[in-house]
Each structure stands twice: as C-alpha cells, then as structure tokens.
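Every number in this text was worked out from the coordinates using simple rules, so none of it is lab data. Treat the numbers as computed from the prediction; the structure is a model and nothing was measured. Here the Cβ is made from the backbone with ideal geometry for all residues, glycine too, and neighbour counts use every protein chain on show.
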Amino acid sequence: MGVFYVTTPIYYPNAAPHIGHAYTTIYADVLARYHRLVGDDTFFLTGNDEHGLKLQRAAERRGVHPKQLVDEMAVLYKNYWRMLDISYDHFIRTTDDYHERVVSDAIRRLYDKGLVYKDSYSGWYCVDCEKFYSSGEYEVIDGKPHCPIHKKPLEWLEETTYYFKLSEFEDYLIDVLKNRDIVYPRQYAVEVLRKIEKEGLVDVSIARPKERVWWGIPVPFDPEYTVYVWFDALLNYVSGIGYGWDMEKFNKYWPAVHHVIGKDILWFHTAIWFSVLHALEIPEPRKLIVHAFLINRGLKIGKSSGNVIAIEDLLEHYNGSDGVRYILMRVFNHGKDVDVSNQVFDSIYNAELADNYGNLVRRVSVMAEKRLGGKVSGETVDPELAEPMEKALREYLEAMDSYDVSRAAAAAMEIARRANAYINEKRPWESSSPEKELYSLLEALRYTTTMLYPIIPRAAETAAQHLGFQIKNPRSLVPGEIDAYSVKRAPILFKKIQG
Ligand code: ME8
C-alpha cells in the first residue's frame, strides 16, 4: 500500500468553470479514484485562486466586494464538481486563514534569507494570465504587444516592487529538469530547458503595490504591498495538506505529490515553483503531469477567447456525469491539443458507452434473469474470454500507473468488445445450458466494470449492484474467483444519442 497525493491547478473564479477546467479536474479525479481502489492512502486537492488583479477587476465590474464574489463562486465551483462526481478530499481557497498564514510566513522566510529585494520594474502584463511577457514571448498585432494565449493587448506596467532572486536557481533548475524524471511527458521539461538556455533565468516580481492591487495577502515586511497572486497560489499545494500547521500530514503526503496542470502554466510550475520549494527547503514534486489544450476553431477554449463550452450543456447532452467524464478521458492528450467536436464526442459516446459497454451489461443481465432466474454459478472462465481479460487488465494497470487514462479506458472497453462478439458467436439465448457462457460473460463484465470504475463511477456502481459483485482492487482480480452471481435486470446505463 502506498500513498498518493494529486492536485489540480486552483482556478480563477472570475467566471464559472468550463469544459477545460472539467478536463483537468476529471483527469485528477480518475487518478485519485484509481489510487483509492488499489488501496493507496490518497489525498485529492482542488480549489480556487481567489486573489489578484483579475479577481479585483471582476468584482469591480460587478460592483461587489471581491470577497463576496469569491464566496459565491466557491459555492458555484463546488456545485459543478459535485455534478461531475469529483471526489476531492479538500477544496482549498486562497482566502482561507491557514493558507494566508503559510504565504505570509513563506515570503518572510525568503526575505530573511536574502532572496527578496526591492527594485523598480517595468514590462508588458496580461491580466488574464496574471503574467508579464518579454519581447520574445508576446505577439505583435497592429504594432502593439498582445498576449500569445488570449490575443488581447498587453498593459504596460511600471512600478517599484519586490523581486524574488530566481536567477540564483538556474543551475539547480537545469540539473533537476535534465536529470530527474519529474515532468511528464518529458517534452515539457525540454521546452522549459530551452527557454532557460535561450533567455536565462531572470528575477521575478513577487509583490504588487497595494494602491493598484489591494486584493491580496499583505506583504508582512511592507504594508504598502500585496503578495503577487502566483506566489500566493502555488503555495496552496503545500498549505492544503498541512504545511506550517499539520506537519505530520504534510510529511505523509508531500513525497507522493502529483500536480496535474495544463501546458499554459508550465513555466510557473517548473521554473518558479521548483525554485520556491528549493528556497523553502521542501523537496521538488514527485510528478508534474502536463496536458495540452482543448481547442475550438483553432483557439484554446477559454473564458477570454469567448468560445467556452458549458459544463451544464455537456451534462445534459451526454445524460449525466459518466458520459462527460468518459468522453473527456477517452480523448485526453498530454502532448497534442484536442479539437472539441460534437460529432467525435457523440460517436465515442454511442459506440463505446451505449453500444458496447452499456449494451453488454443490459444483454447479459436480461439473459441471466430470463434463462437462469438470475442465479449463475461457475468455476472457470472460458479461455476465449479469460485470455483477452487478463491481457487487457495488464495493459490497463500499466497505462494507469503511467498516467495514460485514455489507453486504460481503451483497454477496459476491449474486454466489453470481445464479450459482445462472444455472445454473437455462442448465441447463449439459443442454448439449452447457457450457464457456462453466462458465467464467463459476467466475469468479463466484472473486469470491465472494475476497470471503468474510476472513469464512470456511477454506471460502474449501478452495473456491479445489478450483476451482483463488489468493485475491488483491480490489481488483485483473478478470473473465476466468484462462485455464484445473483443477477438482477440492469437498467439502460447509456441512452443512445440520436444524431
Ligand atoms: O491558471 N484546455 O487558473 P485558470 C485544457 N489560477 N485545459 C484547460 C483549458 C483548455 N482549453 N482551459 C483551462 C490559473 N484549462 C491559475 C492556476 S495553480 C497554482 C494557479 C485548465 O482558471 C488547465 O488545467 O486560468 C489550465 O492549466 C487551467 O485550467 C487554468 O485555469
């Protein structure tokens, strides 16, 4: 039994979460559910990033205090995560007291260590990213610097600020990124290394003058400043598990931390985060799991691009959380952007969930009930099914343990595909003694259902309940270990979508 700690980025609650946030959060949830199932002591942290200029302005536009806005939004986010069956253990908010204390203590420690100094600053800023862009990074449109992600004009900022001496960590970072296997997939470590080689590591501003950004944690050694929102936000990953207030809990989970992020925030989660951790004498994360974007008409889907796909629309179209979860995990891609297409999504849903898995559950349960009154016993699984089951399980475990949820889903579905083909070939409904076949089919269903559980927990639980088995650790599945099934007719788990 191991320990597993998984995090999502904490999202800016200036608007409701959309399909992109669901993509990351569902993925983290699948990892968390899988690790709980294999018996790991698991902690899953998500939450909201509530400070900074972006939130301050969003509140101004609505004519409310930022605290009121973030309070309302926290309720809204939790509600979306409930609708998507996100099984987080803690929802962190950066306005939580314990978090604010950790941030304040951390910046003070860096200051005391001589890693923070005051100087003037100027540069082009994107409020949507809460980030400065250098001349090599921004795009010039109509002669003006624009954000490469949001395609909006950047703002020129000039102010006196506090810097964090990031430049001191260049050798450390290069060494970690080159020689340690933290960033997954590896291509992203290479990307960061190239950027460091090209531009070097320059010191970063970690404070904002209060007169401009008052909505933030006060800098403890200078009341005229607030802590820069990214420095505040990154520390959630340690404060959320007890750093500075429950060190026993922190020491248990931190060595097993897996950060899941989109590639847009790679720099913050490598160059800046690893350096801050190193400065605070905290070991670097075990894994940083990066994924690419969901795109729509060539642009990253986002609040700022105006091409958002709403979670409630997805839930309605795909008949609840399992459909949405499965589709997003089936197309999940670490390296390549994925185009959101109704046609592709509908066909995954229909072919894999409705026609393959859902249909199999229904068919087998109805046959077991009609032909054998629901009582199905057996000792061995027909090798025609046992072999593909064991092969798919090995593939599934290997894929899950290497963070490849999409391949794991495909492996689970392969068993259902073989089982449907087996029914068509053996025609158990015509047989005078179909028990052997039905027993083998139930065993195949127990395998598929167990493997699919982290991705489609509701349907898997409904199936297990009707077919008469318990979902258990997939690493210890053995074919033929159930002596007798007591089957009830299962409902239609995935209603087909008409085109
Ligand atoms: O960056 N495709 O918050 P954020 C895939 N508060 N993933 C997407 C996506 C898309 N089109 N759109 C959003 C922040 N995401 C900071 C994070 S962490 C210490 C602070 C997901 O609300 C993806 O995970 O802008 C991306 O990294 C994240 O949402 C950005 O969320």
For the modelled label position 7 Å from the Cα of LYS78 along Cα-to-Cβ, which residues of segment 31-72 have backbone nitrogen atoms closer than 17 Å? 44-50, 67-72
Using amide H atoms built 1.01 Å from N in the peptide plane, name the residues 5+ places from TYR121, or on other chains, whose amide H lies under 5 Å from its own. GLU159, THR160, THR161
Eigenvalues of the alpha-carbon gyration tensor of segment 3-339, times 5 and square-rooted, give semi-axes in Å, largest first, of 28, 24, 22
Starting with the fewest neighbours, write out ARG297, ARG446 ranked by other beta-carbon atoms found within 10 Å of each beta-carbon. ARG297, ARG446
Out of residues 5 or more away from GLY262 or on other chains, whose amide H comes under 5 Å of its own, with H placed 1.01 Å from N in the peptide plane? HIS291
Per the rule of 0.36 nm per residue minus the C-alpha distance, extending ASP171 to LYS252 adds in nm 26.3 nm
Looking at segment 212-315, which GluC sites (Glu not before Pro) are DSSP coil and have at most 15 other C-beta atoms within 10 Å of their C-beta? GLU224, GLU281
Alpha carbon centroid spacing (whole Å) that separates segment 385-410 from segment 416-436: 24 Å
FRET efficiency for GLU430 and ALA351 from the Cβ-Cβ distance with R0 = 22 Å, rounded to 0.05, comes out at 0.25
Alpha-carbon centroids, segment 45-97 and segment 202-254: separation in whole Å: 17 Å
Counted neighbours (other Cβ, 10 Å), sorted fewest up, put VAL376, VAL260 in the order VAL260, VAL376
FRET efficiency (SER135, PHE221; Cβ distance; R0 56 Å; to 0.05) is 0.95
I'd like to verify something in the chain: which complete DSSP H helices, judged by Cα projection on the helix axis, reach 24 Å or more and average at least 0.0 on the Kyte-Doolittle scale? 19-37
Table column - 3J(HN,Hα) (Hz), segment 282-294, Karplus curve with 6.51, -1.76, 1.60, x for Gly and Pro: 10, x, 5, x, 5, 9, 10, 9, 10, 10, 8, 9, 8
Given a Förster distance of 41 Å, report the FRET efficiency between LYS152 and ILE492 from their Cβ-Cβ distance, rounded to the nearest 0.05. 0.35
Which value, in debye to the nearest 20, gives the size of the charge dipole of the chain about its Cα centre, when Lys and Arg are +1 and Asp and Glu are -1 at the Cβ? 1140 debye
Amide H contacts under 5 Å for ASP41, restricted to residues at least 5 apart in sequence or on another chain and with H modeled in the peptide plane, are GLY2, VAL3, PHE4
Order of ILE261, ILE456 from fewest to most other C-beta atoms within 10 Å? ILE261, ILE456
